[in-house]
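What follows draws every value from the coordinates through simple rules; no lab data is involved. Only a predicted model underlies this, so the values are computations on that prediction, with no experimental measurement involved. Cβ: placed from backbone, ideal geometry, glycine included. Neighbour counts: every protein chain shown.
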């Protein structure tokens, strides 16, 4: 089996693993639109929107201090502490993370979180109600906090009432981000581009997202590309398509490495008398591995952090997925 045939086999298996992960997390996947129904696409939308539990420094924008209800203020302090201590903040996301959004949905507006996909901004419910132990999501709230999330830091942009109209497409969110942290927004500046002098309304932005139009952003006389990478013509997140393309390229490189006589993994495989056609991807309690059923032997995809191996593993089975898999194995009667 040559590297092209092996890469095609590995891609097919990665789709199957995506199906298993979609089922494991109970993600909605209607497969209504055929060209958007790849399980890998659906998995990546969830995986990229899910916030990796990490200790993060918390920074507040210059819109604070601002007036909002005392309960919501207490919830905001709690939310900040959750980030500082590295706790899971995903239960405070909208239920669209798993239930109401589906990249293969018939409805364009339901294919993802457009605010995240377009501007890279997450939103969370500021709930003070006691969470039901049998439910994953925290109780919903009338107040939301909007954040830009990085690996080691979270930038709290604003707190808004859920009763506001079209606040998910309010350019003021990006303006507050730019005025508070111009050095972060500068990464998205379209230098050499003459910015438009047209002021788009919330309704204009909302319609452009549903129509799959990527709109450059004008703030203080500068043009910016959307920090979230924008929406595709299919009304799906551009970043999801970009990451899927990178994964497919990485799988080709992995197959090429396995077939190469100079690769250490190739030598390890030959030591066990394994042929290329016996190699496959498998989902194990330790995450994604290269596996041979014939030899009943597997290898973790660990290498240099910027390698093709590590990238595919991190996109498919990051640490939190491995923890959830291991917990399920230890508690087989419990559902996630």
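Is the shape of region 269-330 best called rounded, prolate or oblate, per the rule: a/c under 1.5 gives rounded, else a/b larger than b/c gives prolate, else oblate, with a ≥ b ≥ c the square roots of the Cα gyration tensor eigenvalues? Cα axes put region 269-330 in the oblate bin. If you build a Gaussian network model of the chain, linking Cα atoms that sit under 10 Å apart, which residue out of 272, 29, 324 swings the most? The residue that fluctuates most here is 272. Diffusion of the chain by Stokes-Einstein, at 25 °C in a medium of 0.890 mPa s and with Rh set to the Kirkwood radius over alpha-carbon pairs, works out to 113 µm²/s. Under 17 Å from a label point set 7 Å out along the Cα-to-Cβ vector of residue 2, the amide N atoms of region 229-261 belong to 252-261.
Spin-label pair residue 295-residue 260: with each label point 7 Å from Cα along the Cα-Cβ axis, the two points sit 1.9 nm from one another. Against the main long axis of the alpha-carbon atoms of the chain, helix 39-49 sits at an angle near 50°. Shape class of region 138-213 from the alpha-carbon gyration tensor: oblate, with a/c at 1.5 or above and b/c at least as large as a/b.
Distance between the C-alpha centers of region 59-129 and region 259-296? Whole Å please. For region 59-129 versus region 259-296, the Cα centre distance is 41 Å. Roughly how far apart, in whole Å, are the Cα centres of region 305-328 and region 230-248? Answer, in whole Å: 20. Taking a ≥ b ≥ c as the square roots of the eigenvalues of the Cα gyration tensor, an a/c ratio of 1.5 or more together with a/b no larger than b/c marks region 222-334 as oblate. Taking every C-alpha pair closer than 8 Å and separated by at least 6 residues, the mean separation divided by the residue count of the chain gives a relative contact order of 18 percent. Rounded to the nearest 10 degrees, the inclination of helix 70-84 to the longest alpha-carbon principal axis of the chain is 30 degrees. Orientation-averaged projection of region 1-57 equals 6.0 nm² [convex hull of Cα atoms, one quarter of hull surface area]. Between 91, 69, 195, the residue with the greatest mean-square fluctuation in the GNM of the chain (Cα pairs under 10 Å linked by springs) is 69. Across all directions, the average flat footprint of the convex hull enclosing the Cα atoms of region 33-182 is 9.6 nm². Where both bridge residues fall in the chain, DSSP classifies roughly 85% of the beta bridges as antiparallel.
Each Cα pair under 8 Å and six or more residues apart adds its separation to the average, and for region 43-156 the resulting relative contact order is 32 percent.
I want to verify a result. In a Gaussian network model of the chain, Cα cutoff 10 Å, which of these has the top mean-square fluctuation: 111, 140, 209? Its mean-square fluctuation being the largest, the pick is 140.
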